[in-house]
Amino acid sequence: MKRRDLLKGTLAAGAAVALPTRLFAQVNPTASRDRQLIAIARDQLGRVGAGIWKKDIVGIADFGLHSANQRFHFVDLDNERVESFFVTHGTGSDGEHDGWLKRYSNIEGSEATSRGAYMTRSWYRGRYGTSIRLDGLDPTNSNALPRAIVMHPAEYARPEHIARWGRLGRSNGCFALGPDQFAKVLLSLSGGRLLYAESLGIQADGSRRTPPIAQTDLIRRPGGGTFERANPGLF
């Protein structure tokens, strides 16, 4: 075989090997973000996994992003795939109703979102239709069951709401998704899986940005009353 022909064959083989990588980058522009979410899901399972019944899929709600972003992520650890949807935060977390979460709270009656790890439980028929109970696993969300913090479908969580108002509506602290998207939750995340909520600020391209507003934890004092603490991102 001539040297020129051998060189052509080598170049062609190299191009064939490189092609799938380039194609993957084109069809999966969120690859960097997805790798981070997969790592976070595994880290959280390592932290609280002893109480989790099923470890194949983890839900991650990134409240460091505006509600007009797809910030609820289904992380399929078995297949290393991520699918992203819209999710609401609570009225008590966003008094200005501008789409940014500003306050977390575990206090009953706060109508605020709570951060931390949850385990999904059984589904039931409630005020918002079929819903999923949540059991808080951290001190920051330990009142999830008595506060009736659940996952449920809501019309104000549809993408069409964003097209009209520039943001989603607000819940009473629950994780509300559009009815069509909630069907995915019901099938894939209920029954003893991990849901993790935190302000991560991971953009679609994998970069991280700090929210443009301050985020705090509203905490009840042991002797009565409440105070706000700058969110340290720790449990």
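Structural remarks
- Full extension of the chain between Glu160 and Asp43 yields a length gain of 38.7 nm, computed as 0.36 nm times the residue separation minus the alpha carbon distance.
- Accessible surface, 1.4 Å probe, highest first, among residues Asp78, Asp205: Asp78, Asp205
- Förster radius 30 Å - calculated FRET efficiency between Arg220 and Tyr124 (Cβ-Cβ, nearest 0.05): 0.60
- With both labels modelled 7 Å from their Cα along Cα-to-Cβ, the His97 to Ser188 distance reads 3.1 nm.
- Filtered trypsin sites (Lys or Arg not before Pro), the range 110-190: DSSP coil and at most 10 other beta carbons within 10 Å: Arg127
- Accessible carbon and sulfur surface of the chain relative to its total accessible area, %, 1.4 Å: 54 percent
- Packing around the peptides 89-102, 56-69, taken as the average count of other Cβ atoms within 10 Å per residue, puts them in this order, highest first: 56-69, 89-102.
- Entry comment: accessible area of the chain is 51 Å² per residue, from protein heavy atoms only and a probe of 1.4 Å.
- Modelled FRET efficiency - R0 41 Å, Glu80 with Arg229, Cβ distances, 0.05 increments: 0.70
- Cα gyration tensor category, rounded, prolate or oblate, for the range 69-199 with a/c compared to 1.5: rounded
- Approximate spin-label separation Arg208-Gln70, in nm, with each point projected 7 Å along Cα-to-Cβ: 2.2 nm
- DSSP-defined beta bridges in the chain - what % are antiparallel, rounded to 5: 70 percent
The values are calculated or read from the model by the stated rules, or taken from the named source; none is laboratory data. It should be emphasised that the depicted structure is a prediction, and the values quoted were computed from it without experimental measurement. As a convention, Cβ positions derive from the backbone with ideal geometry for all residues, glycine included, and neighbour counts pool all protein chains shown. The protein model used for the area step is the full one, side chains on, heavy atoms only, and it has no ligands, DNA or RNA in it. Shrake-Rupley method; radii C 1.70, N 1.55, O 1.52, S 1.80 Å.
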